[in-house]
Amino acid sequence: MAEIESGEYVDVYVNFPSPEKRDDVDPNIRRWFAKSSPDVLGGVSPEMMMQRFDDAGIAMGLLNVSAGSVYANPHMGGWGDGFTLDDFRETCEKVASVVKANPGRLQGTCNIDPTQGMNAVRMVEIAVNEYDFRGVRVMGSLVNLPPNHPLYYPIYTKCIELDIPIVINVGFPGPLRFAKFQRPIDLDDVLITYPELKLVATHIGHPWHLETVALLQKHANLYLMTAGWSPKYIPDEIVHFMNTRGQHKVMWSADYPIQAFQRCVDEAHKLPLRDGVRRRYMRDNALEVFRFD
């Protein structure tokens with residue numbers, strides 16, 4: 001029997017596809033990913049997404065939605081004024097309906113904007129208590145705040161209270177946004193302050209990925225998902241960590257529609273991983289960090 005077989009994989013970062021073709025896709029995203037994964041340009045229904053999901057042998061996934069809108073001007077961060085809690089609920093409903101239509105296959109997560117202040121904390125409560133979402137996410141380069149900014153701290157407190165992980169982007173962002181808000185070392189402040197916080201870094205942290213490895217070794221409740229990177233490009237230092245002290249720390253994801261499910265499955269099977277590590281990477285670690293009941 002194979003170490004892990006098709007039909008067992010768990011993807012911890014599936015982005016909600018756009019049902020309409022988009023002409024506003026970030027130029028860097030279009031340049032880097034549209035050729036290998038044209039779904040990033042939209043025109044994909046949830047049913048089409050699930051067919052790709054099934055064809056790649058993925059058993060379960062975390063379906064994410066980004067509420068609000070992002071300023072085109074990179075010097076401005078956050079969703080801006082006028083975004084209400086009712087608007088947030090309407091966004092959550094989109095994910096919840098797809099999760100409900102695919103019982104046992106998907107669970108919800110959502111992005112949170114720390115610049116919303118106390119409403120950001122209320123949104124975490126709404127996501128978890130009203131929609132049973134299994135985590136929240138923040139991308140620092142979209143809100144123009146590093147993860148050790150004071151506006152994040154009430155969100156971290158609420159995540160601890162609700163016993164859910166928070167996912168934080170690290171490293172150079174794909175969109176044309178500032179990388180300075182996503183330096184992995186800033187997570188050290190957070191995890192020393194909140195050692196019980198379950199925090200999942202995503203997107204490797206390149207070019208500071210050695211900081212990522214050091215932080216993963218230091219902090220018991222810090223994890224990594226390799227979303228945003230096709231597996232064949234994962235740095236050797238990360239692969240070595242996966243094979244040694246970090247067997248329980250790293251999770252697989254295609255980051256659909258940025259990348260195609262099948263490509264990332266195929267490349268994950270070619271990684272030089274020791275016996276038992278691939279199963280942890282593509283399934284078991286995700287089940288231990290996130291609730292998939």
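Residues that are touching a residue at least 60 places away in the same chain (Cβ under 8 Å) and more than 20 Å from M251 (Cβ to Cβ): find the helices (runs of 4 or more DSSP H) completely inside region 56-147 holding 2 or more of those.
Counting at least 2 such residues, we get 85-101, 140-143.
Exactly one condition in (1) out of contact with any helix residue (DSSP H, G or I) (no Cβ under 9 Å at 6 or more places or on another chain); (2) within 28 Å of P38 (Cβ to Cβ) is false for D266; which is it?
In the conditions (1) out of contact with any helix residue (DSSP H, G or I) (no Cβ under 9 Å at 6 or more places or on another chain); (2) within 28 Å of P38 (Cβ to Cβ), D266 misses (1) alone.
Considering region 132-148 alone, what residues qualify as being touching an Asp or Glu at 6+ places or on another chain (Cβ under 6 Å) and either under 9 Å from G108 (Cα atoms) or of a type in the set (S, T, N, Q) (or both)?
N148
Please enumerate the residues belonging to region 7-20 that are part of a loop (DSSP other than H, G, I, E, B), surrounded by 14 or more Cβ atoms within 10 Å (Cβ to Cβ) and touching a Gly at 6+ places or on another chain (Cβ under 6 Å).
S18 - this is the single residue of region 7-20 that is part of a loop (DSSP other than H, G, I, E, B), surrounded by 14 or more Cβ atoms within 10 Å (Cβ to Cβ) and touching a Gly at 6+ places or on another chain (Cβ under 6 Å).
For region 214-225, name all the residues that are under 15 Å from R278 (Cα atoms) and either aromatic (F, W, Y) or without any contact (Cβ under 8 Å) to a residue 40 or more places away in the chain (or both).
Within region 214-225, just L224 meets the criteria.
Answer yes or no as to whether L151 is over 18 Å from the mean Cα position of the chain (by Cα), surrounded by fewer than 17 Cβ atoms within 10 Å (Cβ to Cβ), in a helix (DSSP H, G or I) and at pLDDT 95 or above.
Spelling it out, L151 is indeed over 18 Å from the mean Cα position of the chain (by Cα), surrounded by fewer than 17 Cβ atoms within 10 Å (Cβ to Cβ), in a helix (DSSP H, G or I) and at pLDDT 95 or above.
Can you confirm whether Y256 is closer than 29 Å to S18 by Cα, in a helix (DSSP H, G or I), among the hydroxyl-bearing types (S, T, Y) and modelled with pLDDT of 95 or more?
no
What are the residues in region 215-247 that are farther than 30 Å from A34 by Cβ, loosely packed, with under 14 Cβ neighbours inside 10 Å and not polar (S, T, N, Q), if any?
K218, A220, H240, R245
From E196, E267, E211, grab the single residue that is acidic (D, E) and out of contact with any Lys or Arg (no Cβ under 9 Å at 6 or more places or on another chain).
One residue alone meets the criteria, E196.
The values are calculated or read from the model by the stated rules, or taken from the named source; none is laboratory data. Note that this is a predicted model, so its numbers are computed, not measured. Cβ coordinates were reconstructed from backbone atoms using ideal geometry, including for glycine residues, and neighbour counts include every protein chain displayed.
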